[in-house]
Every structure is written in structure tokens, then in C-alpha cells.
1. Give me 413, 147, 256, 249 ranked fewest to most by other Cβ atoms within 10 Å of their Cβ, as a rough exposure proxy.
2. Connecting C-alpha atoms closer than 10 Å in a GNM of the chain, tell me which of 315, 187, 122 has the biggest fluctuation.
3. Between 34, 276, 318, where does the largest GNM mean-square fluctuation fall for the chain, given springs only between Cα atoms within less than 10 Å?
4. If each of residue 169 and residue 394 carries a label point 7 Å out from its Cα toward its Cβ, how far apart are those two points in nm?
5. For 395, 80, what ranking results if the residue with the fewest other Cβ atoms within 10 Å of its Cβ goes first?
6. Would you order 17, 53 from fewest to most other beta-carbon atoms within 10 Å of each residue's own beta-carbon?
7. Run the numbers for residue 407 and residue 267: contour at 0.36 nm per residue of separation, minus the present Cα-Cα distance, in nm.
8. At what distance in angstrom do the alpha carbon centres of region 162-186 and region 85-143 lie from each other?
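What follows is calculated from the coordinates using simple rules that are stated; it is not laboratory data. These numbers were taken from a predicted model, which means no experiment stands behind them. Backbone-built Cβ (ideal geometry, glycine too); neighbour counts: all protein chains shown.
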Amino acid sequence: MSQKTVLTGITTTGTPHIGNYLGAIKPAIAASQKPGVESFFFLADYHALIKCHDPERVAQSSREIAATWLAMGLDTDVATFYRQSDIPEIPELTWILTCMTGKGLMNRSHAYKASVDANQAAGKNELDDGVTMGLFSYPMLMAADILMFNADIVPVGKDQIQHIEMTRDIAGSFNHTYSPLFKMPEAQVDVETQLIPGLDGRKMSKSYDNTLPLFCAPDTLYKLIKQIDTDSKLPGEAKDPDNSTVFQLYNCFASLDQAQQMRDKFVNGIGWGDAKRELFEFLDEKLAGPRDEYNRLMNDLPFVEAVLQKGAAKARQKSVPFMEEIRIAAGIRPLPFVPDSAAKKVKKVKSAADLAKAAEGRRRGILMQLKSVIAAVEASAEPASAAAQLLAEKTALLGALKGKAQDKAENELQVLTEEFAKYSC
Ligand code: TRP
């Protein structure tokens, strides 16, 4: 089986809720444990700046999301777990991709179009009002996240599918223009985890304000569970588990057996109060261990930071050399660099220090060969005239030689002239 790279990120703007865990963290951890999978999971903190300009909130969310991944059992020796902003190659790649992306493609981005629609409805300047360049460019930063590690599979929510399609368009444009360095990623959308209901029965989402936090205090959890919308059926009346948020949340954490037992209780007319209490006790028991670990980690942030730093170092072992390749493909290169295909035709340019070193080496070699001739001159009765005679002979010889032999003789003459300079001949 060939190795597959799985990559996903969570934007650091909120407190992790049960929907985040079931929809993103749990399946990602499961994927990272499969053989033949290399996984990259990260805190998308540069993405957070697109929609949140509250620095405390971004910072606190980064802590909470990092601690959640760890408390839920991510093995950071197996997966590469890092913070987007610790990988400077990602924003660097974003720029190169920005130059590969048509503005028309970005005009079609859902995130931007949602603002356009809202502006239209509010009678504001349609295209521009409240739209930062960050929001407009969002898909290019996400493309850089994905392409930096050449991910094959990107587990995301349905709303993100378009961004993966755009990533493929952008990668294709780079590959076609420069060099085929990027793989085409695929979105992976888990239909079941898209359906995790929130307190009001709609999809659990920060934007609906209907979430159950993963790690709140037990009494808060119970209070929120009591707020779950239900129908008005009385205790003793049969209830439909498949249309009940209480049952669906239970089901998300339950084994098949446990789910069946709860299903039977619904059919047999369990009262809503009892059903909610059972849901609370069940969730609380499941979450108690991870919650303790989460609280421990939140009280030891230097440890969590060190884990992220270890992850960044691991990620950069890939991103630094790959970014170098990408830059070189685009023509951003050290001045002497010559691509392989052209290297045969053009001599590699060496630095002045390298050239001086090479010249010195050549001189030493020639001196070695001429050692006995020089010694004979110096041992003669009249070294100055012997030296002059030798130089005259060598000079006369030059004219008769060609090509390499002539080069060699010239080099020898040069060295002899320097050696005999003391005789001023
Ligand atoms: N934009 C994603 C979201 O809001 C988060 C994200 C950022 C992401 N970069 C990514 C997800 C790369 C997958 C791959 O959900």
C-alpha cells in the first residue's frame, strides 16, 4: 500500500465543542493510527485573523484547541502536530500561489460570496463592504497549508469542499507554469459527522450558538443538556430516537449495544427528563478522563508549547527543503544557481574565495613538479643568470605548444617567474 498523507487544520477562534471533536478531531486521530498514513494536523491561527480581531480570543483558542487534541489522545510521535504560524514557509508559499491564482477564481469563493450576499441584503457596497484582503485571499492560504505538505487527503466539513477544489486549480496552475511539484489533494467529507446536532437541533456550530463545549464543568454540561429542544411527548409515550437530538448525541459516543438499549428506552416511552439525565451521565463519564487531562494541560502550557515546537521542527524538516525547491522552480534562486539541465552548458559560478583556494592548490601542485629544476637553479654558481636562462627557454617553448600543453607551460612559467622574482630577472 502506498503511503498517503492526511492533513487538516482547525481555525483558532473558539472553544472546542462536541461537534469539533466528533467531526474533525476524532476521525483525524483515527486516521493517524492507520498503517500507511502520514498525518499533519495543525492550529490554523493565521486563518483565525481572517474572522477574529480579538487577540486574546485567538491566543486562548490556540491553547484550548492544542490541549484538546492532546487530551483526546493524539500521539504526536506518530502525527505531525504544529501551529501554522510556526511554519514561515506557509505564508511564503501563499505569496507564490497568490501569483498563480486568477482573481476570478477568488471571486467565486463561498466565504467571499457570503459577504457579498449579506452586503446586498443590507443595501451596502456589495463587493467591498467588510471584506478584508484576508477574507478574499483565504483559499490561497488554505491551498498553501495543503500543498506545503503535498497532502493526498484533506478531511473537512462540507463547507470546505470548494477550497480543496480551488487548491487543485491553483496547484495545477503552478505545475503547468513551472514544474509538477504538487499533488492534487482530495477532500474527505464524512457524511455522518456532518449531522451532529446542536442544542436547537440544527447542525452544531459556533455560528448558531448551539454548541456543547467538550470540557466544561459537569454542572454546566448538565444545564446545557437540559436546554436541548424536544417535542412535547409525555413520559410513557413512545418517542422517535431518529428525530431526537438527545438520542443522536448519545449515539455519537455509544457502542452499537449501548445505542440499541437507548433506542429501546425511547420506544418504551422514557421521559425527556430521564433521557437527558442519562445522556448527561453517559457523556460526563466519557469525558471525565480527557477533561482531567485537558485541565492538567491547560495548567502546564509550557509543556503544550514544547509539544508544538517539536511538531514545528518535524514539519519544517519537510517544508524548508520543499520551499527551496518551489522557489527555485519559480526562479527565486541564489545567484550562482544553475538548474540541472543548463548546468552542463554553463560553468558553475564559484565564489571569489573558492577561486582563490583553487588557484593556490594549482600553484602548490606546479611547485611540487618544478621542485628539482628550481633547486638546481638555486644551487648553481650564478643563480640569477641560471634563472634568467631557464625563463627564456620556457618562454621560447611556449610558441611551439598548443592547447592544454600550452596552458600547462604558461602556468609553469607564471610560477617560475614568481619564484625567481627575487633575482629580478
Ligand atoms: N478553513 C478551515 C475551516 O475553517 C480550517 C483550515 C485551514 C483547514 N487550513 C486548512 C482545513 C487546511 C483543512 C486543510 O474549517
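1. If I rank by nearby Cβ atoms, fewest first, I get 256, 413, 249, 147.
2. Largest GNM mean-square fluctuation: 122.
3. In this elastic network of the chain, the residue with the biggest mean-square fluctuation among 34, 276, 318 is 34.
4. 7.1 nm
5. Working: 395 14, 80 24.
Result, fewest neighbours first: 395, 80.
6. 53, 17
7. On the way: separation 140, 0.36 × 140 = 50.40 nm, distance 10.03 nm.
Value of the extension gain: 40.4 nm.
8. What the calculation gives is 17 Å, centre to centre.
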